[in-house]
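Notes follow the structure.
The values are calculated or read from the model by the stated rules, or taken from the named source; none is laboratory data. The shown structure was predicted, so the numbers you read here are calculated from the model rather than taken from an experiment. Quick reminder, even Gly has a Cβ in these numbers, built from the backbone with ideal geometry, and neighbours come from all protein chains shown.
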Amino acid sequence: MLAPQSEDPGIVWFCGLNSEMTSTKVTALKDWAAQTDRSMLRFDYSGHGNSDGEFSDGTIGQWLNESLTVLRDVASGPQILIGSSMGAWLVLLILRAIARDDPVVADICKIEGAVLIAPAWDMTEELMWNQFSQAARAQLQNNGYFERPSRYGEGPYIISKKLIDEGRNHLIGDDSFKPPCPVRIIHGVKDPDVPWKHANKLTHTLEGENVMLQFIPDGDHRLSRDQDIAKLFSIVEDLYGSLKENRHYI
């Protein structure tokens, strides 16, 4: 974690599924935060990156609890949460819990804003189970896991039945809520993993006027090209400006 240098809220990064805190976007954001005198906290879920555990043993609930622990025990002061893909789903679950005064999130740091990159919300159901072939579903049921091919040359993802089943405890679906802070969404129209319509649907699930969605016409899922990262910086900087203008913090 970088030490805070200004009065601006810090940034907490939530990685995507099977990603890690040293990825291209996170590293670029870390450098940008340092250059703009803002603190940044990044971490790996269990089974990811340098953290202990097996990826195939993880669940959405487990990674959500780990994220809440980081916010309670490590983050200091107000924060902007930035989530990529699955990380965006975890951010949404935290925002929903805050909006509903869930006592589980009562002691976490103050959340001033959120940025969602290619949000894979409800992914275990909408983007996995509902899209799996009968053969894939059978393998899950019979073997307890399915080897899902990766588009990124990293070998297949081991998708466990436990991940799918436990994920149903955290679905947002059509259950709308008003986020407790401004939300900005960025999504690539050419994303092959999370269709752009999935992000567009989210704007109807999140109530209130302070939810904004920007599409990158030629953007893919990772949004890690130089121009994509520059757009991310612009969105985060604009969010900081909006917070100051509306006196969300001093």
Arg137 being touching a residue at least 12 places away in the same chain (Cβ under 8 Å) and charged (D, E, K, R): no
One residue from Ser133, Ser76 being over 20 Å from Pro182 (Cα atoms) and either of a type in the set (S, T, N, Q) or modelled with pLDDT of 95 or more (or both): Ser133
Gln62 being at pLDDT 95 or above, of a type outside the set (Asp, Glu) and farther than 20 Å from His48 by Cα: no
Matching strands (runs of 3 or more DSSP E) fully within the range 48-163 where at least 1 residues are surrounded by fewer than 19 Cβ atoms within 10 Å (Cβ to Cβ): 145-148, 157-160
Contacts under 7 angstrom Cβ, first residue in the range 166-179 being more than 12 Å from Leu206 (Cβ to Cβ), partner of a type outside the set (Ser, Thr, Tyr) and part of a loop (DSSP other than H, G, I, E, B), 6 or more apart: Leu171/Asp122; Gly173/Asp122
Within the range 194-212, tally of residues that are within 27 Å of Arg151 (Cα to Cα) and crowded, with 19+ Cβ neighbours inside 10 Å: 4
